[in-house]
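Have a look at the structure below before the remarks.
The values are calculated or read from the model by the stated rules, or taken from the named source; none is laboratory data. No experiment lies behind these values; they were computed from the predicted model shown. Counting neighbours? That spans all protein chains shown, and the Cβs are built from the backbone with ideal geometry, glycine included.
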Amino acid sequence: MIQILHRRAGRAGLVIAALLAATPTPAVAAGDGPDVLERFVGRWSGAGTVRRNEASGAQSVNCGMRGHRRAGGLNFAGTCRALLIFSRSVSVDVAPDGRGRLVGSYSGSAAGTAALTETARDATSVVFRVDWPKPVYGDTVAEMRISVTGTGFRLTVVDDVAGAPERVTDLAFEPGA
């Protein structure tokens, strides 16, 4: 399962970012080496819920993503849609930093481009610190967890909303067209 903890606006984007960033890390976490990133190359389809901001409720979304190898890391990009309500392009770029961690960036959130830094991993999941360029829900920091699930992965984001942790993103991805 992929679980992403997040603290910021642009939930759809954050979710995608978490998804992208976390995807490569779980593979590396399994101890299979950098070639495990190959698992995420190709097309992915996802669905779930996203809360875009503090004033909105959770909205059902469908996402189409494509993973590409890049400079020893991974680029994951695509679009998430909520019927006619919104459509957002998102991308995540992560690569090893030379110290055993994955680092990179996420773009697609209304808050701007965020920095991603791996903070923990195990055989099936990875956790990233998300640093936003401006406050979302009152701060600029979020936490994201992504977990491998069978042939796919799950991404969840939990953020502080009105002072209490809340799952603002919950997406499941499987190989797709």
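Is it true that Ala55 is under 16 Å from the mean Cα position of the chain (by Cα), modelled with pLDDT of 50 or more and either exposed (fewer than 14 other Cβ atoms within 10 Å of the Cβ) or more than 23 Å from Gly104 (Cβ to Cβ) (or both)? It would help to see each step written out before you state the result.
Values: under 16 Å from the mean Cα position of the chain (by Cα): no; modelled with pLDDT of 50 or more: yes; either exposed (fewer than 14 other Cβ atoms within 10 Å of the Cβ) or more than 23 Å from Gly104 (Cβ to Cβ) (or both): yes.
It is false that Ala55 is under 16 Å from the mean Cα position of the chain (by Cα), modelled with pLDDT of 50 or more and either exposed (fewer than 14 other Cβ atoms within 10 Å of the Cβ) or more than 23 Å from Gly104 (Cβ to Cβ) (or both).
Per-residue answers, yes or no, for (1) surrounded by fewer than 14 Cβ atoms within 10 Å (Cβ to Cβ); (2) in contact with a helix residue (DSSP H, G or I) (Cβ under 9 Å, 6 or more places away or on another chain):
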| residue | (1), (2) |
| --- | --- |
| Ala111 | no, yes |
| Ser125 | no, yes |
| Arg129 | no, no |
| Gly150 | yes, no |
| Leu155 | no, yes |
| Ala162 | yes, no |
| Glu166 | no, no |
| Thr169 | no, yes |
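Starting from residues that are farther than 25 Å from Arg51 by Cα and either outside any loop (DSSP other than H, G, I, E, B) or among the aliphatic types (A, V, I, L, M) (or both), keep the ones in the stretch 72-85 and report whichever is nearest to the chain's Cα centre (by Cα).
Leu74
Name the single residue, out of those in the stretch 131-148 being within 15 Å of the chain's Cα centre (by Cα) and not aliphatic (A, V, I, L, M), that is surrounded by the fewest Cβ atoms within 10 Å (Cβ to Cβ).
Our first condition is that a residue be within 15 Å of the chain's Cα centre (by Cα); within the stretch 131-148, this holds for 131-132, 141-148.
Okay, now just the ones that are also not aliphatic (A, V, I, L, M), so 131-132, 143, 145, 147.
Working: Asp131: 16, Trp132: 24, Glu143: 20, Arg145: 26, Ser147: 22.
Step by step, filter the stretch 131-148, then rank; the result is Asp131.
Does the stretch 106-120 include one or more residues that are assigned to a strand (DSSP E or B) and more than 16 Å from the chain's Cα centre (by Cα)? Before you say what the answer is, go through the steps one by one.
Taking the stretch 106-120 as the starting set, the residues that turn out to be assigned to a strand (DSSP E or B) are 106-107, 114-120.
Pick out the ones that are also more than 16 Å from the chain's Cα centre (by Cα) and you get none.
Taking every residue of the stretch 106-120 in turn, none turns out to be assigned to a strand (DSSP E or B) and more than 16 Å from the chain's Cα centre (by Cα).
Go through the stretch 46-55 and report how many residues are in a loop (DSSP other than H, G, I, E, B) and either in contact (Cβ under 8 Å) with a residue 24 or more places away in the chain or hydroxyl-bearing (Ser, Thr, Tyr) (or both).
As a first pass, look at the stretch 46-55 and keep what is in a loop (DSSP other than H, G, I, E, B): 51-55.
Now restrict to residues that are either in contact (Cβ under 8 Å) with a residue 24 or more places away in the chain or hydroxyl-bearing (Ser, Thr, Tyr) (or both): 51-54.
Here the count works out to 4.
Among the candidates Arg69, Arg43, Arg88, Arg99, which residue alone is exposed (fewer than 15 other Cβ atoms within 10 Å of the Cβ) and assigned to a strand (DSSP E or B)? Even if it seems obvious, please write down each step before you answer.
On the way: Arg69 fails: exposed (fewer than 15 other Cβ atoms within 10 Å of the Cβ); Arg88 fails: exposed (fewer than 15 other Cβ atoms within 10 Å of the Cβ); Arg99 fails: assigned to a strand (DSSP E or B).
Every option except Arg43 fails the conditions.
Out of Ala22, Ala71, report the one residue that is hydrophobic (A, V, I, L, M, F, W, C), modelled with pLDDT under 80 and out of contact with any Ser or Thr (no Cβ under 9 Å at 6 or more places or on another chain).
Criteria check complete, one pass: Ala71.
Conditions first: (1) within 13 Å of the chain's Cα centre (by Cα); (2) more than 27 Å from Val161 (Cβ to Cβ). Val41 passes all but one, so which condition is the exception?
Result: Val41 passes all but (1).
Test of understanding: among Arg145, Arg167, Arg129, which residue is closer than 20 Å to Cys80 by Cβ, in contact with a strand residue (DSSP E or B) (Cβ under 9 Å, 6 or more places away or on another chain), without any contact (Cβ under 8 Å) to a residue 40 or more places away in the chain and outside any loop (DSSP other than H, G, I, E, B)?
Working: Arg145 fails: without any contact (Cβ under 8 Å) to a residue 40 or more places away in the chain; Arg129 fails: closer than 20 Å to Cys80 by Cβ.
Only one candidate qualifies: Arg167.
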